[in-house]
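Novice: If you scroll down you'll find the structure; I have some questions about it.
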Amino acid sequence: MSTLDNTSLQLPKENLEAEDFLPLLGTDYVELYVGNAKQSAHYYMSAWGFQPVAYAGLETGLKDRVSYVLQQGKIRIMLTSPLKPGGDINKHIDSHGDGVKTIALWVDDATKSYKETVARGAESYLVPKTLQDDSGKVVVSGIHTYGETVHVFVERKDYHGVFLPGFKDWSPHYQPKDVGLKYVDHMVGNVGWNEMNKWCEFYAKVMGFAQLVSFDDKDISTEYTALMSKVMSNGNGRIKFPINEPADGRKKSQIEEYIEFYNGAGVQHMALATDNIIETVGSLRDRGVEFLTVPPSYYEELLDRVGEIDEDLVPLRELGILVDRDEEGYLLQIFTKPILDRPTMFIEIIQRKGAKSFGKGNFKALFEAIEREQESRGTL
């Protein structure tokens with residue numbers, strides 16, 4: 001199984017405007033608070049091909065929660081559920097349903113990362129803390145961001161265990177084949193009316209990010225709904241956070257629907273990268289993952305719009321995969337329907353063939369597909 005390299009890296013700068021004073025080496029893990037971690041783990045293994053890695057709970061000395069850690073490529077997710085009534089995890093689930101609590105960021109120095117960000121105005125979530133066991137030590141710290149989402153800085157260069165101190169190896173008999181997912185490409189946050197610039201400024205001032213691209217309601221709109229979005233990135237380009245806010249439209253936008261059902265700002269979706277989107281999406285569909293669909297007419301003028309591509313149009317059309325091109329290449333992408341009962345979080349699958357953009361040419365087709373789903377839910 002591929003794991004994150006614990007060695008320090010000096011990565012080339014991709015976003016030249018970013019200060020990158022932390023710096024960030026990558027996404028360490030994403031933690032979701034869920035109602036039933038054991039069953040959620042089975043879903044991510046069976047449907048998404050994640051592999052079992054680590055476990056913490058009653059058997060490891062935890063009394064208030066249980067966590068399962070899964071991995072595919074460089075993507076690690078931790079699923080955490082409460083073991084007793086009351087407390088912050090229960091409150092989070094009651095308010096938001098299942099959802100992302102922690103976006104953990106891999107750093108060389110968690111103490112420095114904490115001091116730098118708090119000094120620039122971040123609200124403290126976790127003061128620097130050393131976790132230790134027979135496999136070494138990990139230093140963690142954390143800050144608050146939009147809604148109840150937090151960033152935890154993870155310094156693990158002196159650790160050689162399975163995940164973090166306090167976790168044990170989890171290797172059940174059932175270990176389904178992966179589907180070719182490689183790494184977290186970007187993670188999108190939905191915030192409330194007129195809050196996008198506030199949180200973009202937060203990432204610029206507090207974390208040294210810079211804006212890669214912005215989209216206004218002329219770029220992201222249909223006959224009925226619209227939204228605004230800006231993409232913030234760190235210097236080496238490994239961490240990209242698009243931030244969305246609602247814009248005025250004739251009907252309720254997907255961002256408004258999300259905020260209503262999530263009860264505030266939060267992570268809308270994770271974009272997971274693959275090297276072969278046709279194989280990955282085919283495998284996911286066979287395992288029961290449901291994707292948004294676009295009309296067949298989308299593909300009639302696709303090659304006129306994006307130019308020559310390596311892939312055959314037939315499987316792209318059959319699977320509903322979208323294509324877009326920018327100055328540096330093209331990308332292929334597809335979006336699931338919400339993967340939870342509440343119409344909140346979904347997952348994007350993306351394959352980049354040189355493109356560094358986010359599929360602007362697909363926005364109209366995508367949003368119309370989302371509106372069809374909203375209409376079926378009675379929330380448009």
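The values are calculated or read from the model by the stated rules, or taken from the named source; none is laboratory data. Everything numeric in this text was worked out from a predicted model, so none of it was measured. Every residue, glycine among them, receives a Cβ derived from its backbone with ideal geometry; neighbour counts consider all protein chains shown.
Novice: Could you pull out the residue among Thr111, Thr102, Thr60 that is of a type in the set (Ser, Thr, Tyr), under 24 Å from Ser141 (Cβ atoms) and buried (at least 20 other Cβ atoms within 10 Å of the Cβ)?
Specialist: Criteria check complete, one pass: Thr102.
Novice: Could I ask something else about it? Filtering region 278-303 down to residues that are surrounded by fewer than 11 Cβ atoms within 10 Å (Cβ to Cβ) and at pLDDT 90 or above, which residue is nearest to Met345 (Cα to Cα)?
Specialist: Ranking the candidates gives Gly288 first.
Novice: Provide a single number: the residues in region 186-204 that are of a type in the set (Lys, Arg) and at pLDDT below 95.
Specialist: Within region 186-204, residues that are of a type in the set (Lys, Arg) and at pLDDT below 95 number 0.
Novice: Please name all residue pairs, on different chains or six or more residues apart, with Cβ atoms under 6 Å, provided the first residue is in region 241-252 and is at pLDDT below 70 and the second residue is of a type outside the set (Phe, Trp, Tyr).
Specialist: Going by the 6 Å Cβ cut-off, the qualifying pairs are Gly249/Thr225; Gly249/Ala226; Lys251/Thr225; Lys251/Leu380.
Novice: Further question on the same structure: Give me the residue from region 194-211 that is touching a helix residue (DSSP H, G or I) at 6+ places or on another chain (Cβ under 9 Å) and of a type outside the set (A, V, I, L, M) and, out of that set, farthest from Val69 (Cα to Cα). Write out each step before concluding.
Specialist: From region 194-211, those touching a helix residue (DSSP H, G or I) at 6+ places or on another chain (Cβ under 9 Å) are 206-211; that's our starting set.
Subset that is of a type outside the set (A, V, I, L, M): 208-209, 211.
Values: Gly208: 29, Phe209: 28, Gln211: 32 Å.
For region 194-211, the residue satisfying everything is Gln211.
Novice: Of all residues being of a type in the set (Asp, Glu) and at pLDDT below 75 in region 1-34, which is nearest to His269 (Cα to Cα)? Just the residue, please.
Specialist: By that ranking, first place goes to Glu14.
Novice: Give the residues of region 339-380 that are surrounded by 17 or more Cβ atoms within 10 Å (Cβ to Cβ), at pLDDT 95 or above and closer than 22 Å to Ser283 by Cα, sorted by residue number.
Specialist: Ile339, Leu340, Met345, Phe346, Ile347, Glu348, Ile349, Ile350, Gln351, Arg352
Novice: Sort out which residues of region 310-328 are at pLDDT 95 or above, surrounded by fewer than 17 Cβ atoms within 10 Å (Cβ to Cβ) and under 23 Å from Asp185 (Cβ atoms), and write them in order of number.
Specialist: Once the filter is applied, which keeps residues that are at pLDDT 95 or above, surrounded by fewer than 17 Cβ atoms within 10 Å (Cβ to Cβ) and under 23 Å from Asp185 (Cβ atoms), region 310-328 yields Asp310, Glu311, Pro315.
Novice: Moving on. Kindly check whether there is at least one residue in region 43-55 that is surrounded by fewer than 19 Cβ atoms within 10 Å (Cβ to Cβ), within 21 Å of Tyr262 (Cβ to Cβ) and aromatic (Phe, Trp, Tyr).
Specialist: yes
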